[in-house]
Amino acid sequence: MTLTPPGNGINTSLGDEGLGQQPWWVEQWMELINSYRFKKRLERAWAYAREGHVTSIRFEGRRVHARVQGTGEDPYKVKLWLDVLSDEDWGYVLEALTQKARWSAQLLAGIMPADIERAFAASGRSLFPFKLQEVRSECSCPDKANPCKHISAVYFLMGERFSEDPFVLFQLRGRTRAKLLEDLAEHRRQALEALAESSEANQNEGQGADDSPATLAPPHPAVLDPTLWWRYDAALDGDLVVITPAMDGDTGLDAAGELPLAEEPRFPEAKQHFLTHLREQGQTLAQQAMLAAMAAGG
């Protein structure tokens, strides 16, 4: 697990597993806690995080719940959360995300766009907290200072979770990964429908009273030659091309669901053999395709 110890800006890891480079969004999160003026308290919190005193961290909706073992017998209970965005604010964010396909592509690949705050600027809000005081927190320990060393230890470890899944930041702002992608798909569908209606209206207006076949636009070449459906000869915007393996090990077979095979009633074991072979072949071809794409892009 890669973490940044307080005050020195050097990347290190728990358990002496070696050095590592953190994603930029994790570094920005860590900068907040490293700005805390009580450095001795941060050093103790770092030791707590490194030595395993944080016994559990779980994300429940918009809040983070953790238990941190202090000097007492029972661990202390810690809560962390951010102010959530209203549905109206999220509407502005989703509209901005819809207008820039690169943001959607990078998020789907598990990458936080470097300029993501521009999408949130439309709502007058932000994804990342600007100062440490914007991170709400509670701890059951008797220390009246906030953040205490228990809260700060959890704060350090949250960076690991953000590194694994940047959608956690969106969840803390009020939208889970599933909900965000569902809403984004709906906004894109509405935008495409509006674009199609606008194009049709403009076409009808340009035709005027004469809508004879001679004045209609010719069909797309792919309508006349279906083999063109599988070709795309135009240059691609590099920002829109994201090479990534399937998330969570999913394959096309997983997305397709049950595949009824003709011989299944007679040979029940044949289906499993066939699907296993097909899945292995798909994984092999996917690896070859990624290596070829990376070689071409380099």
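In region 28-55, how many are touching a Leu at 6+ places or on another chain (Cβ under 6 Å) and either in a helix (DSSP H, G or I) or without any contact (Cβ under 8 Å) to a residue 12 or more places away in the chain (or both)?
Qualifying residue count for the region: 3.
Read through the list (1) of a type in the set (Lys, Arg); (2) touching a residue at least 24 places away in the same chain (Cβ under 8 Å); (3) outside any strand (DSSP E or B), then give the number of the only condition that residue 77 fails.
Just one mismatch for residue 77, condition (3).
Given (1) at pLDDT below 80; (2) under 26 Å from residue 29 (Cα atoms); (3) not β-branched (Val, Ile, Thr), identify the lone condition not met by residue 202.
Against the list (1) at pLDDT below 80; (2) under 26 Å from residue 29 (Cα atoms); (3) not β-branched (Val, Ile, Thr), residue 202 comes up short only on (2).
Which residues, counting only those in region 51-67, are surrounded by 15 or more Cβ atoms within 10 Å (Cβ to Cβ) and modelled with pLDDT of 90 or more?
Matches in region 51-67: 53, 54, 57, 63, 64, 65, 66, 67.
Go through 31, 51 for me and flag whichever is of a type in the set (Asp, Glu) and more than 28 Å from residue 115 (Cα to Cα).
51
Confirm whether residue 58 is part of a strand (DSSP E or B) and closer than 14 Å to residue 137 by Cα.
So residue 58 does not fit the description; no.
Can you spot a residue in region 89-109 that is in a loop (DSSP other than H, G, I, E, B) and in contact with a His (Cβ under 6 Å, 6 or more places away or on another chain)?
The answer is no; no qualifying residue exists.
If residue 187 passes every condition in (1) closer than 13 Å to residue 97 by Cα; (2) outside any helix (DSSP H, G or I) but one, which one does it miss?
The failed condition is (2).
Go over the candidates 117, 200, 164 one by one and state the one that is charged (D, E, K, R), surrounded by fewer than 20 Cβ atoms within 10 Å (Cβ to Cβ), touching a Ser or Thr at 6+ places or on another chain (Cβ under 7 Å) and free of Cβ contacts under 8 Å to residues at least 24 places away in the same chain.
From the options 117, 200, 164, the qualifying one is 117.
Among (1) at negative phi; (2) surrounded by 14 or more Cβ atoms within 10 Å (Cβ to Cβ), which single condition is residue 110 missing?
Only one criterion is unmet by residue 110, namely (1).
Anything in region 105-142 that is among the polar types (S, T, N, Q) and either touching an Asp or Glu at 6+ places or on another chain (Cβ under 7 Å) or farther than 22 Å from residue 180 by Cα (or both)? List them, or say none.
Hits for region 105-142 are 123, 126, 133, 137, 140.
Does residue 93 count as in contact with a helix residue (DSSP H, G or I) (Cβ under 7 Å, 6 or more places away or on another chain), surrounded by 14 or more Cβ atoms within 10 Å (Cβ to Cβ) and under 16 Å from residue 45 (Cβ atoms)?
Criteria not met by residue 93.
Going through region 257-278 one residue at a time, which ones are at pLDDT 70 or above and either within 26 Å of the chain's Cα centre (by Cα) or of a type in the set (Asp, Glu) (or both)?
Scanning region 257-278 gives a single hit, 269.
Kindly indicate whether residue 85 is within 20 Å of residue 187 (Cβ to Cβ) and not in a helix (DSSP H, G or I).
So residue 85 passes the test.
Looking only at residues that are at pLDDT below 90 and among the charged types (D, E, K, R) in region 83-110, which one is farthest from the chain's Cα centre (by Cα)?
That would be 95.
The values are calculated or read from the model by the stated rules, or taken from the named source; none is laboratory data. Computed from a predicted structure; not experimentally measured. Positions of Cβ are generated from backbone atoms using ideal geometry, with glycine treated the same way; all protein chains shown enter the neighbour counts.
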